[in-house]
Amino acid sequence: MKKILFRKLLSDCLVFFLITLFSTGIIIWIFQAVNFLDIIVEGGRDYLVYLNFSLLNFPKIISKIIPFVLFFSFLYVIAKYELKNELIIFWNFGVNKIELINFFIKFSFFIMLVQILLTVSIVPKTQDLARSFLRTSTINYFEGFVKPRVFNDVVKNLTIYSGSKNKNGVLKEIYIKKGSDNNFQITYAKSGSFKQVGKNQFLELSSGETISINDGKITSFKFSKTDFNLNNFDDNTTKYKKTQEVSTIDLAKCYHNLLNLKFFNIDKNFKVENCRTDNIDNILKELYKRIIIPLYIPVLILISLLLIFRSKENTNYTKFRILIFLMGLLTIITSEMTIRLINENFFENIKYFLIPIIFSITLYLIFFFKFRIMKF
C-alpha cells in the first residue's frame, strides 16, 4: 500500500512538473524565436537555417528552467495534497515521514542526473550544432538586410548604404565600401537593384563611379551601368566555438593543462578553441554551471518537503508556504550568484562546490532528527 501511495504522489508531481516544464519552455522558446528572426531579416539567411537554429536552442531553455519548475511543481502538489487532506492518508497507513523524505531523495538524484546529462552533454552539443548552421550558411537574401539610411555591415568587409528604397525595391543614392585598411574600394551610384541569376547574386548599379585605393595608389572609373558581385562574401558571424559550445571533456582537459594539474595524464599538445590563459575564469565558470549547479536539485526538493512540518490547520500555514517558496527562490538565486564568485584557482573554489552538498546534508539531518522517532 505504501508503494501505491508513493507512486501516486510521485506521478502527480511528475505530471504537473512535465506539463509546466514544456508549456513554460515553449512560451520562452517562442519569445526567443521571435528575436531570432533577425537571422532572416537582418542576416539574410534562409528560413531553414533560422528554423534549425531556433529548435536547437530548446534544450538550453529546458535546462535553465528545470530547477525552478521542479521546485514549484513539488511545492504546489504537496500543498495541494495537504489542503485536500490527502497527506493524512499516508500517515493513517503507517507511512513514516522520514520514509517519504527518503523516497523523494532518491527521485531527486535521478532528476539531478538527468539535468547533468543535459548540461554536460546535450546542451553544449546542440549549441555547437546550432551555431554551425550559421557558420556554414550563406547569405541568401541581400535585399532583406539592406535598409535605407542605415550603414548595413552584416557582411564582412562590405558596407552598403542607400538613401532611400522604393516599393519596387530600387535603391537610391547608393554607397558601397568593399575591403578594409589600406586596400578598399568605394562605389557611388544614383540607383541600383538586386538581381539573381541562378545562385549568383549581384547589385545592378546605374550612373556612378568606383574609386579603388591599393597601398596608397588611387584609381577610379565612371560607369553608366555595372554589376556589383555579391558572391563569396563572408558574414560577421563568429567562426570559432564559444566556450559554452565546447564539449565538457575538452573544457576539463583544457583547464587541467592550463593550470598544469597532475590529476590525469593529458597530452600537453592538446588543443581546443578558447583554451587560453586569459579565458580560464570563463572555462571554470562554464564547468561549474554544467556540473555543480545541478547539485542544487536535491536541495530544492528537500525545501519543498518542509511543508510536511505543518498541517493546514495551523494558523500560519499560508505564511509558512510563502516562506518556503521564498527559501527555494533564494536558493536558486544563490546558485546563480555563486557563478560570479568562481575564479581560476580550483582549490579556492572548493567551498562553492560544497555549498549544495552541505545544504542537502543539513536539510536531511533536520528531517531525520525531527521524524526518526515519530510514526504516523
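Among the residues of segment 85-108, count how many are touching a Lys or Arg at 6+ places or on another chain (Cβ under 9 Å) and under 16 Å from residue 15 (Cβ atoms).
1
Kindly check whether there is at least one residue in segment 106-114 that is modelled with pLDDT of 85 or more, surrounded by fewer than 17 Cβ atoms within 10 Å (Cβ to Cβ) and among the hydroxyl-bearing types (Ser, Thr, Tyr).
No, segment 106-114 contains no residue that is modelled with pLDDT of 85 or more, surrounded by fewer than 17 Cβ atoms within 10 Å (Cβ to Cβ) and among the hydroxyl-bearing types (Ser, Thr, Tyr).
Can you tell me which residue in segment 223-233 is modelled with the lowest pLDDT, limited to those that are within 18 Å of residue 134 (Cα to Cα) and exposed (fewer than 13 other Cβ atoms within 10 Å of the Cβ)?
It comes out as 232.
Part of a loop (DSSP other than H, G, I, E, B), within 26 Å of the chain's Cα centre (by Cα) and not polar (S, T, N, Q): is that true of residue 286 in this structure? Steps first, answer last, please.
Numbers: part of a loop (DSSP other than H, G, I, E, B): no; within 26 Å of the chain's Cα centre (by Cα): yes; not polar (S, T, N, Q): yes.
Here the answer is no, as residue 286 does not meet what is asked.
If the Cβ limit is 9 Å and pairs must be 6+ apart or interchain, which residue in segment 81-110 that is without any contact (Cβ under 8 Å) to a residue 24 or more places away in the chain pairs with which residue that is among the small types (Gly, Ala, Ser)?
Pairs that qualify, where the first residue is without any contact (Cβ under 8 Å) to a residue 24 or more places away in the chain and the partner is among the small types (Gly, Ala, Ser), are 88/311.
Give me a count of the residues in segment 236-269 that are under 20 Å from residue 128 (Cα atoms) and modelled with pLDDT of 65 or more.
Number of matching residues: 16.
May I ask you to say which residue of 191, 220, 212, 206 is open to solvent by 50 Å² or more (accessible area, probe 1.4 Å), at pLDDT 80 or above and touching a Ser or Thr at 6+ places or on another chain (Cβ under 8 Å)?
Working: 191 fails: open to solvent by 50 Å² or more (accessible area, probe 1.4 Å); 212 fails: open to solvent by 50 Å² or more (accessible area, probe 1.4 Å); 206 fails: open to solvent by 50 Å² or more (accessible area, probe 1.4 Å).
Matching residue, one of 191, 220, 212, 206: 220.
Can you confirm whether segment 318-327 contains a residue that is at pLDDT below 90, within 30 Å of residue 91 (Cβ to Cβ) and over 22 Å from the mean Cα position of the chain (by Cα)? Steps first, answer last, please.
Quick first cut of segment 318-327, residues at pLDDT below 90 only: 318.
Imposing the further condition that a residue be within 30 Å of residue 91 (Cβ to Cβ) reduces the set to 318.
Right, trim to over 22 Å from the mean Cα position of the chain (by Cα) and you get 318.
Yes, the conditions are met somewhere in segment 318-327.
Of all residues in segment 308-324, which are open to solvent by less than 60 Å² (accessible area, probe 1.4 Å) and hydrophobic (A, V, I, L, M, F, W, C)?
308, 320, 324
When segment 331-351 is examined, which residues are found to be surrounded by fewer than 16 Cβ atoms within 10 Å (Cβ to Cβ) and within 15 Å of residue 293 (Cβ to Cβ)?
333, 334, 336, 337, 339, 340, 341
Could you count how many residues in segment 77-105 are in a loop (DSSP other than H, G, I, E, B) and either open to solvent by 20 Å² or more (accessible area, probe 1.4 Å) or under 17 Å from residue 243 (Cβ atoms) (or both)?
Of segment 77-105, the ones in a loop (DSSP other than H, G, I, E, B) are 84-86, 93-96.
From the residues that got through so far, the ones that are either open to solvent by 20 Å² or more (accessible area, probe 1.4 Å) or under 17 Å from residue 243 (Cβ atoms) (or both) too are 84-86, 93-94.
Residues that pass the stated criteria total 5.
Restricting the first residue to segment 1-25 and requiring it to be in contact (Cβ under 8 Å) with a residue 24 or more places away in the chain, which pairs with a second residue that is surrounded by fewer than 14 Cβ atoms within 10 Å (Cβ to Cβ) and not in a helix (DSSP H, G or I) meet a Cβ separation below 7 Å and a spacing of at least six or different chains?
Pairs found: 1/93; 2/93; 5/93.
Of all residues in segment 285-307, count the ones that are open to solvent by 10 Å² or more (accessible area, probe 1.4 Å) and more than 18 Å from residue 367 (Cα to Cα).
If we filter segment 285-307 for residues that are open to solvent by 10 Å² or more (accessible area, probe 1.4 Å), which is where we start, we get 285-287, 289, 291-293, 295, 306.
Narrowing the set further to residues that are more than 18 Å from residue 367 (Cα to Cα) leaves 285-287, 289, 291-293, 295.
So the count comes out to 8.
For segment 302-332, which positions are aliphatic (A, V, I, L, M) and more than 27 Å from residue 106 (Cβ to Cβ)?
Selection gives 322 alone.
Considering only segment 40-51, I want to know if a residue exists there that is at pLDDT 75 or above and in contact with a Gly (Cβ under 9 Å, 6 or more places away or on another chain). Break it down into steps so the answer makes sense when it comes.
At the first step, the residues of segment 40-51 found to be at pLDDT 75 or above are 48-51.
When the remaining residues are screened for being in contact with a Gly (Cβ under 9 Å, 6 or more places away or on another chain), the result is 49-50.
Checked against the condition, which is being at pLDDT 75 or above and in contact with a Gly (Cβ under 9 Å, 6 or more places away or on another chain), segment 40-51 yields at least one hit.
Considering each of 134, 171 in turn, give the residue that is at pLDDT 80 or above and of a type in the set (A, V, I, L, M, F, W, C). Spell out how you get there, then give the answer.
Numbers: 134 fails: at pLDDT 80 or above.
Within the list 134, 171, the selection yields 171.
The values are calculated or read from the model by the stated rules, or taken from the named source; none is laboratory data. Values in this document were obtained by computation on a predicted structure and should not be read as measured data. Glycine gets a Cβ as well: all are built from the backbone with ideal geometry, and neighbour counts include every protein chain shown. Surface accessibility is based on the protein's heavy atoms, side chains included, excluding ligands, DNA and RNA. Shrake-Rupley method; radii C 1.70, N 1.55, O 1.52, S 1.80 Å.
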